[in-house]
1. Taking the alpha-carbon set of the chain, what are its Rg and Dmax in Å?
2. On a 0 to 90 degree scale, rounded to 10, what angle separates helix 361-378 from the longest Cα axis of the chain?
3. Would you please classify the overall shape of the stretch 191-353 from the alpha carbon gyration tensor, given that a ≥ b ≥ c denote the square roots of the eigenvalues, rounded means a/c under 1.5, and beyond that prolate means a/b larger than b/c while oblate covers the rest?
4. Which value at 222 nm does the chain reach when only helices count, each DSSP H run of 4 or more adding -39,500 (n - 2.57), with the total divided by all residues and rounded to the nearest 500 deg cm²/dmol?
5. For the Cα atoms of the chain, what angle does the longest principal axis make with the long axis of helix 73-98, in degrees from 0 to 90, nearest 10?
6. Would you work out the relative contact order for the stretch 191-353, in percent, from Cα pairs under 8 angstrom that are 6 or more residues apart?
7. May I ask which residue of Gly120, Leu259, Ala20 lies farthest towards the positive end of the charge dipole of the chain, with charges of +1 (Lys, Arg) and -1 (Asp, Glu) on Cβ and the Cα centre as origin?
8. Using a simple spin-label model with points 7 Å from Cα along the Cα→Cβ vector, what separation in nm is obtained for Tyr119 and Thr49?
Amino acid sequence: MRVLLTSAPLRGHLATLVPAGRSLRAAGHEVVLAVADELRDEAVRAGLTVVSTGPGPGPEGLAEAGGGIAHAPHAHGRLFGAMAVAALPVVTALVRDGHPDLVVSERAEFAGPVAAHRYGVAHVEMHWGVAELPGYRLGAAAELATELGGAGLPEPALRFDPWPPALRDEWARRHRDVRHVPYDGPTAPPVWLGRPPARPRVGLTMGTVLPRLDGGIATLRGLVDRLADAGVELVLALADDLVAELGPLPAAVVHAGWLPLAPLAASCALLVHHGGHGTTLTALAAGCPQVMLPVFDDQFGNAAAAATAGAGVAITRRDAAAADPDALAARCLAVLAEPARAAAARSVARAIAAMPGPATTVHALEDAAERGSTTLRAG
């Protein structure tokens, strides 16, 4: 079977496709990933065969589309639609000339679904996030109006969803289950991360967005100082340029810089982060309680789902604590001190572990491709 994977040029989006791509290759299928230049090397390091669709905007483009990163799903959907318009010539050629049996896309990539529909190829979506985000599809459809000829975006034959069913909204109940497998890239964690810490370990990882908001660096620095005075061991999993902006760090910080997230979450008594899909699910899979500071789009739904399950606390920018280091630190320490939070996180981790792994998706993908080809032959 020939399979074409398509992803928007954002690392977290690519990560949702890597386990399925590897499972398909291990089963003997031919897999090609189409992605913009920015993620080409990252995808190659993941062990995938890659075709570049040309240059594409990264996180900065999302910031511009939202008028400075904000909760703006329709604007972000239009940006993803523009990405699809730019990628469509290459993706269309891959479908027309490469004759894939199946196209598998992450939910914010739309060139793959459009090209698959145009040539009668079955299409499957790898879903991410708890929120439905209809603005994504509406905004993308507006940008792709010419290519769609007045029709709406095609619906996938299947949607695979890594969120435990109990944490999903009603609209997503029919999604096909697949266990979340964190993708941290090809690097190994440092040895010290596997040793039990002498004090409760707290991890902070805020992505590339939250620290760039107004006052974000000052709030983060204040939180670091308050937690350092509370007798915990701090690990800052942040980009090097953000670490540099924080200035000299207290002795309680044992590491500052990039780290693979899965082993970090497994070693922490608490993870503080921005509510991203991969970060939230990775912490839940590790049974790690969380304090989440969502800013836009899917982050609100992700954080709310984890909080509703009892595995953490969500603090939005509308909450005064979000910009107050003292209040933030107090909330973090309160979660750290509540055994019920850790118990709830472990319960969700067991639910995630019981979900079918990515290798089990192969048969379903084969069936989807066969049903698609049967429908095409019948047509």
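Each value in this text was obtained by applying a stated rule to the coordinates, not by laboratory testing. Note that the structure is predicted; figures quoted are calculated from it, not measured. Because the Cβ atoms are built from the backbone with ideal geometry, glycine has one as well, and the counts that use them run over all protein chains shown.
1. Rg then Dmax for the chain, in Å: 20.8, 69.
2. 30
3. Values: a/c = 1.44, a/b = 1.14, b/c = 1.26.
Rounded shape, in that the Cα axes give a/c under 1.5.
4. Numbers: 16 runs with 167 residues, N = 379.
Calculated from helices alone, the mean residue ellipticity at 222 nm is -13000 deg cm²/dmol.
5. Computed tilt is about 40 degrees.
6. 22
7. Positive-end residue among those listed: Ala20.
8. Going from the Tyr119 label point to the Thr49 one covers 1.4 nm.
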